[in-house]
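Contents: one structure, followed by commentary.
Every read-out reported here was derived from the displayed coordinates using simple, explicitly stated rules and does not represent laboratory data. In this text the structure is predicted, and so the values were computed from the model without any measurement. Cβ placement follows ideal geometry from the backbone for every residue including glycine, while neighbour counts extend to all protein chains displayed.
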Amino acid sequence: MTPASAAPLPKAYRPHAVEGRTYAFWEQGGYFQPHDRDGAPPFTIIMPPPNVTGALHLGHALTTTIEDVLCRWHRMLGEPTLWVPGVDHAGIATQNVVEAALAKEGLSRHDLGRDAFVERVWRWVNETRPRIEEQLRLMGASCDWSRTVFTLDAGPQRAVRTTFVNLFRDGKIYRGHRIINWCPRCQTAISDLEVDYEEERGALWYVRYPWADDGDGGMVIATTRPETIVADVAVAVNPEDERWRDAVGRRVRLPLPGIERELPVIADAAVQIDFGSGALKITPGHDPLDFEIGERHGLEAIRAIDWDGVMSEAAGPYAGLDRDEARRRAVADLEAAGLIVKREEYAHSVGHCQRCNTVVEPLVSDQWFVEMDALAAKAAQVVRDGEVRIVPERFTKVYLQWLENIRPWCISRQLWWGHRIPVWYCLRCDGERITVALKNEEAAGRVSDLLRQGFDEAAIVERADRVQIGEGVTPIVSGESEPEEGCGACGAGTLIQDPDVLDTWFSSGLWPHSTLGWPEQSPDLRRFYPTSVMETGYDIIFFWVARMVMLSCHNMDGVPPFRSIYLHGLVRDAGGRKMSKSLGNAIDPLVAGEQYGMDALRFTLATGSTPGNDMRMTDERLQGSRNFANKLWNGARFVLGELDGARVDRPDPAGATALLPEDRWILSRLHRLAGGVDTLLGDFQLGEAGRQIHDFLWNEFFDWYVEASKVRLRAGDRSPLPVLVHVLDSGLRLLHPYMPFVTEEIWQRLRPHLRDEAAAALIVAPYPRGEARWIDDGAERTFGALQEVVRAIRTVRAEKRVEAGRWVEAYVVADHDATILRDRAAVVEVLARARPLHVVSDRSAAPHEQVVARVLSRGEVVLPLGGLVDLAAERTRLEKEIAESEDRIRRIEGKLASDGFRTKAPAEVIAREQARHEEVQGRLRGLQSRLAELE
RNA sequence: GGGCGAUUAGCUCAGUCGGCCAGAGCGUCCGGUUCACAUCCGGAAGGUCGGAGGUUCAAGUCCUCCAUCGCCCACCA
C-alpha cells in the first residue's frame, strides 16, 4: 500500500491506479479469512458457484456485489466473516461447450472415448477456472481464497457419493423404468425443471379410430401428435362421460396403415370430458399422462421414437423417419384413408431443452430417481416454522407451493462430464443384460457375447466406451471409488460402473455443507454450519435453493443450511430486456469496471436494485456512480489538504458545548444516518442504505458542512478539523462495503491523521453505529433554519439575475432563530454570497423600499436590490403564495376541527399538526403584511 | 387454469409498522473559470402516485374489482 506521504493526490480519482494494488493489500493482510474475536458468532456466506463455462456476466456481478457488501459489513461489525468462493462444473453446459469445440475439429466425443474426452474437458476447465476467479478478484470480492472449492474436487466428490449411498440405503434413491424428458440433441435425460415450455402454433387433428368389429363407425380422437399413433395401446374416456358409456370395453383399430393393432377402450378419471371429443388416445411410451394411465391399467409402453428423435423399428412403416417427417407422413396417410375428420389451428406449449432449445421427447427409460416427498416436507417445515427466512417474503409462497407439489427427481444424465453415479454391476452375474461398446469400435454387444469373443472381463471394463444397463440388473452401491470386495452375489465377478453421471444440481444441493468439509466432521463444518445467508437470484429458487434445503437437512440431522435466503432480481438492459450475448445488449461487468471503475459498477448494482425486483443497467447510472466516487475523492482531497500533517482527536460528546451549531448538526445527521443504515442493512435493504449514505455525503457533508467549515478555516481557525476528519472517516466506513477501493485508498491516507486508530485497514475498521448521545434535534432544527435562509437568498439572486460573483446586502428578520443566525452570520454570508447580513428581530428594522423579500417558515429575508425590483411581479408572487398558504391552513384546520382526528389520532400527530398550523399562520401573516406594503 | 410482480416527474427508479407541501439520479431551462471537484457549483420548471370503489380521523402505502405490461407454476390429448 502506498504510504500516505507519497505523491499528492491526483485531481480526479483514477480507479486503475488503485484497484489491483488495494486488492493485493487486503489479500496479503489476510483480511479475507475469518478471525475470531471474543467468541463472536461467525457470519458465513457460501458463494453460488459460477459455471466454469464462461465469463462473469452482470448477474454474477450483482451476486458478488451484494454478498461482498454483506460480508464487508459484518466483518466491520467485528464478526468472524467467511465467504467461501467456488466454481461449478456445470455438467451439460460444459460438455456442450467442449463438444462444440471438438465439432470444429470434425470430432465427436465418441471419437475420443470417455477417458480422453473427460481429460480434454479438464484441460479446458483448468484454463477457464482461473479466469473466473481472477474476475471475482477484479470485482473486489473479499472471499477466502484459501477455501475455494470446485464441485468436482475430492471433497465434494465424496460428499456426493456419501449422499447417494445414504439415500439409496434409505430407499429414497432408486432405479426406475419410467417416462422422462429426453433431449434428442444432448442425448440425455433432463429433469422437469430443465424443460422450458414455449407456446407454439400447431394443429389439432381429429382422427377417426374405426371400431375393430365395425369398419364404418368409430371414435373420433383429437391429437397434436399423430406420429405417436403408432405407439398407441388403448383409448381412454372418462367414466362419467355419458357419450362414451357404451364404448368402454369395446375395441378400436389403430388407424395407421401397416400396423395391425386393436386398442381396448378403457375408462380413467384422468381424462377430461370437455376436451376434444372426450376420448384420449393412450401412448404410454411418449406422454407422461398416458404413462400414468398405462401404469394403472397395466398397458405396455411402446417406444416408437428413438434416442435421436428418429422413429424406431416399433414405428413399422415409419421407422427411420425423423419425428417431424413422420408426423407429416402420418397425417398424409390418415387423410388418404379418409380418417381425418377435421383439423383445427391450435396453440399449445411445447417443451424445449433449456440448454439447446431442442424439442424434448418424453421417453420411457431406465433412470435414477430421488423420492422427494419426505425431503420436501422437511424443507417446507423449516421455512414454515421460521427457522429459515426468505427475503422478500413473497417468495415463501412460491417455495412452499413447489415443495407441496413435488414429484420424483430424475438425477441420472447420460453425459460423461460430472459426478459418476457410484453404482457398479457384475459382468458375471448380469453379463446377459449389460451392453457395452468398446473404444475405437473394437467390438460392441452384450457382455456375454464379448466374453465369448475372447475379451476378458478386465479388458471390457478397461476399454468400455458406452455402457447400457438393461432391466433387472442388480446394482452394487458403494461410497468408495469401487467396492473392493467385488460382487456380493457371485463372490468375485468383475464390476463395471454405471455409465451415467448425476444432475449437476445434485452436487450443488450439497454445497452449503460439502464446501465446509462434510462428510468429515471438520472444524469448519462445526464452526460455520449452518451458514448465515444464501444470496442468489430468484430464478433458481427451485433448481438450487429448495434442493439445498432438502439435501442439507437430510445430511445434517435436520439442521437447515442457512438462516436467511435473500433473493435478488435479474439485471436487464436499458430497454428492460434480459441481457444476452445473442441480443448483443449485454454489458460486460469487467468492461464497465474498466470504463467507470469497479466501485462505480458495484455502487450502481447495489443501489439500483430492491430485493427480489429486476433492475435496469444503463451507462447513465454508471456515470452517476463514477461521479460519486470522484466527488468523494475530491472531498477527501480537500480535507487532507487542510490537515497539513496534523493529527486530530475525535470530537468529544462530553465537550459538546465547544462545538458550533454546524458541527453538532452534521454529527447528529451522521449518527442518525448510521442508525438507519444499521437497520436497513440488517433487513437486507442494501439499495436504500446505499442511497442514504450517498445523499448524506454529497448533499449534507460536502454541500453544506464542508462549505460551512471553510468560513472558519479561512479565518485561520482549525476547530472544524476534528469534525471534518471524523465525519469523513465515518462516511468512508459506512460506504466501504459498497465502494471498497476508493474508500480504502482514501482512508489509508487519512489514517495517519487519526489519533489512536487501532485498525490497520478500513476493511477491518469498526463500522459506525448510530449513537443516541449525538442526536441533536435542536441543532438539526436551527441549522435547518440557517439552510432555509441561505436557500431563500440564493433563489432570489437567481430569479433576479444577480451576477453570481456579486455580494449583496441582506436582512434576515428572525425571532426564534436569531441567535444562530447572528452567531453564524459569516456562514450565511459566504454560502449565500450576501454581505453584510443584518439579523434583525422586527420587520420594521429592515428597509421597505426597492427590496425583494422572502417569507420563510419562521421569519423573512429582505434583499435591497434597487433597480432589480419589479413590484408587479412581487405582488403576483406574494398573492400566489398567500393563496397556497390559505389553502393549506384550510386543510389543516379542517383536520384539527374533525372530531375523529382529535379523538383518534395519536397525540404526537395532533401536536405536529398544531405546530404546523401555527407556522403556516405566521408565514401567512408575514406574506399579507408584505403585500400590504406593496399596495 | 392458478399464482406473483410492475404501473409514482420527459426517462430510470426510491418511497417496508398509513401521519409535514410525494423524493433522487438523468434529461430540460436559467446562471456560474470563488484556490476539493466542470466526473463540478447555484437556481428553476415538471407528478389528479394506472382506473373505479371501499376501510380509516388520515391512503402512493391497507382491502375489492378492472386495465395494461411482465414473470412463474400446471398431466392445454
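Here are the numbers for the structure shown:
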read-out: Shape box of chain A [Cα atoms, principal axes, largest first, Å]; value: 115, 65, 53
read-out: Mean Cβ neighbour count within 10 Å, used as a protection proxy, ranking A:674-680, A:846-852 highest first; value: A:674-680, A:846-852
read-out: Charge-dipole axis of the range A:370-510 as Lys and Arg at +1 and Asp and Glu at -1 on Cβ define it, positive-most pick from A:Val447, A:Trp409, A:Ile421; value: A:Trp409
read-out: Partner lysines for A:Lys880 [C-alpha distance under 22 Å; skip if fewer than 8 residues away on the same chain]; value: A:Lys800
read-out: Dipole magnitude of chain A, debye to nearest 20 (Cβ charges: Lys/Arg +1, Asp/Glu -1, about Cα centre); value: 3180
read-out: Ellipsoid semi-axes in whole angstrom, largest first, where each is sqrt(5λ) of the Cα gyration tensor of the range A:670-780; value: 23, 19, 13
read-out: Relative contact order of chain A, pairs being alpha-carbon contacts under 8 Å that are 6 or more residues apart, as %; value: 12
read-out: Rounded tilt (10° steps) of A:619-643 against the dominant C-alpha axis of chain A; value: 40
read-out: Hypothetical label at A:Asp614: residues of the range A:669-692 whose amide nitrogen lies under 17 Å (7 Å Cα-Cβ projection); value: none
read-out: Positive-end residue of A:Ala189, A:Val388, A:Leu659, charge dipole of chain A with Cβ unit charges; value: A:Leu659
read-out: Packing-based ranking, highest mean first, of A:858-871, A:263-276, A:723-736 given that Cβ atoms within 10 Å are counted; value: A:723-736, A:858-871, A:263-276
read-out: J(HN,Hα) series, the range A:41-48, from Karplus relation 6.51 cos²θ - 1.76 cosθ + 1.60, nearest Hz, glycine and proline x; value: x, x, 10, 10, 10, 9, 5, x
read-out: Neighbour net charge for A:Pro499 - beta-carbon separation under 12 angstrom, K R +1, D E -1; value: 0
read-out: Set of lysines near A:Lys342 by C-alpha distance (under 23 Å), chain-local residues within fewer than 8 positions excluded; value: A:Lys281
read-out: About the Cα centre, charge dipole magnitude for the range A:520-606 (Lys/Arg +1, Asp/Glu -1 at Cβ), debye; value: 220
read-out: Chain A - mean residue ellipticity at 222 nm from DSSP helices (-39,500 (n - 2.57) per run, n ≥ 4, rounded to 500); value: -13000 deg cm²/dmol
read-out: The range A:388-523: Rg to Rh, with Rh as the Kirkwood radius over Cα pairs; value: 1.12
read-out: About the Cα centre, charge dipole magnitude for the range A:551-593 (Lys/Arg +1, Asp/Glu -1 at Cβ), debye; value: 200
read-out: Furthest towards positive pole of dipole, A:Pro499, A:Ala314, A:Gln787, structure part chain A, Cβ charges; value: A:Gln787
read-out: Computed label-point distance, nm, for sites A:Glu771 and A:Glu520 using a 7 Å Cα→Cβ extension; value: 4.5
read-out: Eligible lysines near A:Lys378 by straight Cα distance, threshold 17 Å, same-chain separation 8 or greater; value: A:Lys172, A:Lys397
